[in-house]
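Asks: I have a structure I would like to understand better, so I am pasting it below and will then ask my questions one at a time.
The values are calculated or read from the model by the stated rules, or taken from the named source; none is laboratory data. This structure is a prediction, so every number in the text was calculated from the model and none was measured. Backbone-built Cβ (ideal geometry, glycine too); neighbour counts: all protein chains shown. SASA here: full protein model, heavy atoms, side chains in, ligands and nucleic acids out. Shrake-Rupley method; radii C 1.70, N 1.55, O 1.52, S 1.80 Å.
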Amino acid sequence: MSTASTPGAVRDAAGGPVKTGPSRSADRADPGPGTRTAYPLYVAGRLGGAAVSLLAVLVTSFFLFRIIPGDPVSTMTHGAPTSAAQLAALRKQFGLDLPLWQQFTDYCAKALTGDLGTSYQFHAPVGELIMTKLPATLLLTGVAVVIYSALGLWLGTRSAWRNGGLGDRLNTGVALTLWSVPSFWLGLLLIIVFSVGIGPVPGLFPTGGMESGDTTGFARILDVAHHLVLPVLTLVAVGYAQTLLVMRSSLLDEMGGDYLTTARAKGLRDASVRRRHAVPNALLPTVTMVFINLGHVAGGSILVETVFSWPGLGGLFYQGLSVPDLPLVQGLFLVFAGAMIVMNLLADLLYPLLDPRVGR
Amino acid sequence: MKRAPRASGVVEAAGARGAPGLLEIRDLRVTYGSGASAVPAVRGVDLAVGPGQKLGIAGESGCGKSTLALALLRLLPSSARLSGEILLDGEDVLTMKWGRLRAVRWAGASIVFQGAMHSLNAVHRIGDQIAEPVLLHRRATPAAGRARAAELLEQVGLPAARADAYPHELSGGQRQRVMIAMALACDPRLIVADEPTTALDVMIQAQILRLIERLVAEQDIGLLMISHDLAVLADTCDRLAVMYAGRIVEEGPARAVYDAAEHPYGRALSAAFPRIGDPASRRAPRGLPGDPPDPAALPSGCTFHPRCPVALDVCEREDQPLREAGPGRSAACVRVGAAVPAGEQPR
């Protein structure tokens, strides 16, 4: 009843269930004189950490895909009459006859110079293959991530502000249900309902692909957008719950804050208290979450791309795995993981700029 | 709940001070929750503050003093039920429409919260936070808002350049000055200061008190100051009210209440703070036995009787209303004024 509420402890714990940026609690007290110069040091630390992660990914990607059963050479020659000598020649061509450690050092040496090797099945440099498919994936997942992050932030804010009400329970219930749905299953369902059509409902959207190929200019943009609807809808439905829940919990932690009482006492409308005071504080832990979402732009839609025959990296990865086309899947894995590492790094670097309590 | 008879002493005292009260609280009751689980936090409080007057409210944590402060601008959570009247310049805050209430908040009466830690928003610059109510209530331009913030900062003894600082870059005392500057932003006629010096060290505490005193005197603002520290209140305020279990149990001129309280709780509270140059107060037992009463399960009769060193049998049975206890003073104790009822024995 007196000033017993000490939301600080709760609020500090709200770093986020996924991953926190730099600890806020450590910076809550008056900063020492050194914190103003701490940012360059902090940046260096984060860059170093990201570099170590990338190296770990490099190593993992090499060994991970060697565990996959199946011999690339016999898959590729499947059905064709080949002699043992021809198989051996192919192995030699791909460097698969060398001892594992030598393959590994060759792979690392090349990867560090930016050469990801040559695809077994497409006989083209992996880097080029990735670059041709990358735009389609970035378009699909980029649109989806932006939509589901915004949707999650908006619904999470609404949910927390009317915490425990019907809207909140409905909101979180629906989000959690959709989160639990497998994306490929939802994608197939949407194709059946909206592409094939059920009963009187005609097929409204194409079943797959990125464009019909017979349009140019503005009509082409509309065509691509038309093709985007269902895969984006699938990704958004399955993905927005995470952002919603993080935003909701971090706003709930702020709602006991004394500074909100101050804001109300000033005569601000409820919406202004929320928008100007509560949300900026609650956003801090959520920013990390949004960047993790952005990290998914490269590799986040393998299943959905496959279901919708989207000509992106996901489909390419799927093709590579079935051989297994080792240089291709290694390269793709590096790109997927690299995108995540870079976005995490950006989140870490941005965080101190958003929260004035963290030294910069 | 049985309605306590209104003590005539308080009403006369308020009337005696003449001028129409800037703030008049009549029979204010605040209850949290409803039905069987209802917890009374404020149980019928009458208070008045005139322009330029300084009233202190003292009491231990849980006595309802902060609930009272928040009730003045209807800042309590929606689970709180309020009844009675809170007249601010003659207008009842409790019956105001939302729009009118928002207009009155901060412009009519503002609050100095215990700003040392969490009452300022950590992600906004203090200049923006000070200017915010000016932009809101006066529809000032951003430039005018900044100018006003700079002016207010200088008034509270901070360099105007500090407007660009974030709260965590200031010391506790500086933050409290910012809270005061913010409270003055719209020239309110009443300032409520809720534990304004708690969590500050003694030297800073004295500075802040002098600052509040000076600003209130300069601008003829009414001040309602809330604290657990009777010494701080006696030092700053003209009048003192002592609160116990949601009620005023003693009211009177600050010095008189501090030096010679009529109510045993008032005496215990003032004995809890040793006085400089008075060895007796340092040797006398200062504590008060027992815990503050649980508002959900208040003792029968006078709520203070289980802890009272001079309780009579009647105190356990009968609620004690405020009685007149000298000129401009009142206290809610059976031993005040009237003689002890016949046949009553000290317990």
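Asks: Taking A:Thr234, is it closer than 30 Å to B:Leu120 by Cα, more than 14 Å from chain B (Cβ to nearest Cβ) and touching a helix residue (DSSP H, G or I) at 6+ places or on another chain (Cβ under 9 Å)?
Replies: No; evaluated as a whole, the condition is false for this residue.
Asks: Still on this structure, please answer the following. Go through region A:257-310 and give me each residue that's crowded, with 23+ Cβ neighbours inside 10 Å, outside any helix (DSSP H, G or I) and touching a residue at least 40 places away in the same chain (Cβ under 8 Å).
Replies: Hits for region A:257-310 are A:Gly257, A:Gly300, A:Ser301, A:Phe308, A:Trp310.
Asks: How many of the residues making up region A:47-98 are among the small types (Gly, Ala, Ser) and in a loop (DSSP other than H, G, I, E, B)?
Replies: Going through region A:47-98, the residues among the small types (Gly, Ala, Ser) turn out to be A:48-51, A:53, A:56, A:61, A:70, A:74, A:79-80, A:83-85, A:88-89, A:95.
Then drop every residue that is not in a loop (DSSP other than H, G, I, E, B), which leaves A:70, A:79-80, A:83, A:95.
Of the residues in region A:47-98, 5 are among the small types (Gly, Ala, Ser) and in a loop (DSSP other than H, G, I, E, B).
Asks: Filter region A:303-350 for residues that are touching a Leu at 6+ places or on another chain (Cβ under 7 Å) and modelled with pLDDT under 85 and give the result.
Replies: Matches in region A:303-350: none.
Conditions (1) within 14 Å of chain B (Cβ to nearest Cβ); (2) farther than 30 Å from A:Leu230 by Cβ; (3) touching a Ser or Thr at 6+ places or on another chain (Cβ under 7 Å), marked per residue:
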{"position": "A:Gly256", "(1), (2), (3)": "yes, yes, yes"}
{"position": "A:Leu268", "(1), (2), (3)": "yes, yes, no"}
{"position": "A:Ala271", "(1), (2), (3)": "yes, yes, no"}
{"position": "A:Leu283", "(1), (2), (3)": "yes, yes, no"}
{"position": "A:Val304", "(1), (2), (3)": "no, no, yes"}
{"position": "A:Pro311", "(1), (2), (3)": "no, no, no"}
{"position": "A:Tyr318", "(1), (2), (3)": "no, no, yes"}
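Asks: To continue, here is another question. Quick one: would you say B:Gly21 is at pLDDT below 90, on the phi < 0 side of the Ramachandran plot, in a loop (DSSP other than H, G, I, E, B) and not polar (S, T, N, Q)?
Replies: It is true that B:Gly21 is at pLDDT below 90, on the phi < 0 side of the Ramachandran plot, in a loop (DSSP other than H, G, I, E, B) and not polar (S, T, N, Q).
Asks: Have a look at B:Ala271, B:Ala297 and point out the one that is under 17 Å from B:Ala245 (Cα atoms), aliphatic (A, V, I, L, M) and at pLDDT 75 or above.
Replies: It is B:Ala297.
Asks: Take region A:237-250 and flag every residue that is away from chain B (no Cβ under 14 Å) and either among the basic types (Lys, Arg) or open to solvent by less than 40 Å² (accessible area, probe 1.4 Å) (or both). Before the answer, list the steps.
Replies: Going through region A:237-250, the residues away from chain B (no Cβ under 14 Å) turn out to be A:237-249.
Of everything in region A:237-250, those that are away from chain B (no Cβ under 14 Å) and either among the basic types (Lys, Arg) or open to solvent by less than 40 Å² (accessible area, probe 1.4 Å) (or both) turn out to be A:Ala237, A:Val238, A:Gly239, A:Tyr240, A:Ala241, A:Thr243, A:Leu244, A:Val246, A:Met247, A:Arg248.
Asks: Among strands (runs of 3 or more DSSP E) lying entirely in region B:27-141, which contain 1 or more residues that are of a type in the set (S, T, N, Q) and crowded, with 23+ Cβ neighbours inside 10 Å?
Replies: The qualifying strands (runs of 3 or more DSSP E) are B:109-112.
Asks: Residues in region B:197-220: is at least one assigned to a loop (DSSP other than H, G, I, E, B) and at pLDDT 90 or above?
Replies: Scanning region B:197-220, I find no residue that is assigned to a loop (DSSP other than H, G, I, E, B) and at pLDDT 90 or above, so the answer is no.
Asks: Within region B:175-195, count every residue that is in contact with a Pro (Cβ under 9 Å, 6 or more places away or on another chain) and either among the basic types (Lys, Arg) or more than 10 Å from every other protein chain (Cβ to nearest Cβ) (or both).
Replies: Result for region B:175-195: 6.
Asks: Select from region A:146-179 the residues that are assigned to a helix (DSSP H, G or I) and open to solvent by 90 Å² or more (accessible area, probe 1.4 Å) and list them in ascending order. Before you say what the answer is, go through the steps one by one.
Replies: The first filter runs over region A:146-179 and keeps only residues assigned to a helix (DSSP H, G or I), leaving A:146-161, A:166-179.
If the condition is that a residue be assigned to a helix (DSSP H, G or I) and open to solvent by 90 Å² or more (accessible area, probe 1.4 Å), then A:Val146, A:Trp154, A:Arg158, A:Leu166, A:Arg169, A:Leu170, A:Trp179 are the ones that fit.
Asks: Something else now. When you look at B:Asp235, is it farther than 29 Å from B:Pro327 by Cβ and either more than 14 Å from the chain's Cα centre (by Cα) or within 14 Å of chain A (Cβ to nearest Cβ) (or both), yes or no?
Replies: It is false that B:Asp235 is farther than 29 Å from B:Pro327 by Cβ and either more than 14 Å from the chain's Cα centre (by Cα) or within 14 Å of chain A (Cβ to nearest Cβ) (or both).
Asks: Here's another thing I want to ask about it. Quick test for you: out of B:Leu158, B:Leu136, B:Leu152, B:Leu120, pick the one residue that is facing another protein chain (nearest Cβ under 10 Å) and within 21 Å of B:Ala193 (Cβ to Cβ).
Replies: So the residue among B:Leu158, B:Leu136, B:Leu152, B:Leu120 that is facing another protein chain (nearest Cβ under 10 Å) and within 21 Å of B:Ala193 (Cβ to Cβ) is B:Leu120.
Asks: Just to be sure, is B:Thr198 of a type in the set (Val, Ile, Thr), within 14 Å of chain A (Cβ to nearest Cβ) and closer than 28 Å to B:Gly108 by Cβ?
Replies: yes
Asks: All but one of (1) surrounded by fewer than 22 Cβ atoms within 10 Å (Cβ to Cβ); (2) away from every other protein chain (no Cβ under 14 Å) hold for B:Ile221; state the number of the condition that does not hold.
Replies: Condition not satisfied by B:Ile221: (1).
Asks: Right, next: Which residue pairs have Cβ atoms under 9 Å apart, sit 6 or more places apart or on different chains, and have a first residue in region A:194-217 that is more than 22 Å from A:Leu303 (Cβ to Cβ) and a second that is part of a loop (DSSP other than H, G, I, E, B)?
Replies: These pairs meet every condition: A:Gly197/A:Gly203; A:Gly197/A:Leu204; A:Ser212/A:Pro206.
Asks: Can you find a residue in region B:97-117 that is more than 10 Å from every other protein chain (Cβ to nearest Cβ) and closer than 22 Å to B:Asp27 by Cα?
Replies: Yes: region B:97-117 contains one or more residues that are more than 10 Å from every other protein chain (Cβ to nearest Cβ) and closer than 22 Å to B:Asp27 by Cα.
Asks: Can you find a residue that is under 24 Å from B:Leu23 (Cα atoms) and not basic (Lys, Arg) anywhere in region B:137-155?
Replies: yes
Asks: Please pick out the residue among A:Leu353, A:Leu321, A:Leu334, A:Leu313 that is over 20 Å from the mean Cα position of the chain (by Cα) and either free of Cβ contacts under 8 Å to residues at least 12 places away in the same chain or surrounded by 20 or more Cβ atoms within 10 Å (Cβ to Cβ) (or both).
Replies: The unique qualifying residue is A:Leu353.
Asks: Would you mind telling me which numbered condition in (1) β-branched (Val, Ile, Thr); (2) closer than 28 Å to A:Val181 by Cβ; (3) touching an Asp or Glu at 6+ places or on another chain (Cβ under 8 Å) A:Val196 fails?
Replies: Only one criterion is unmet by A:Val196, namely (3).
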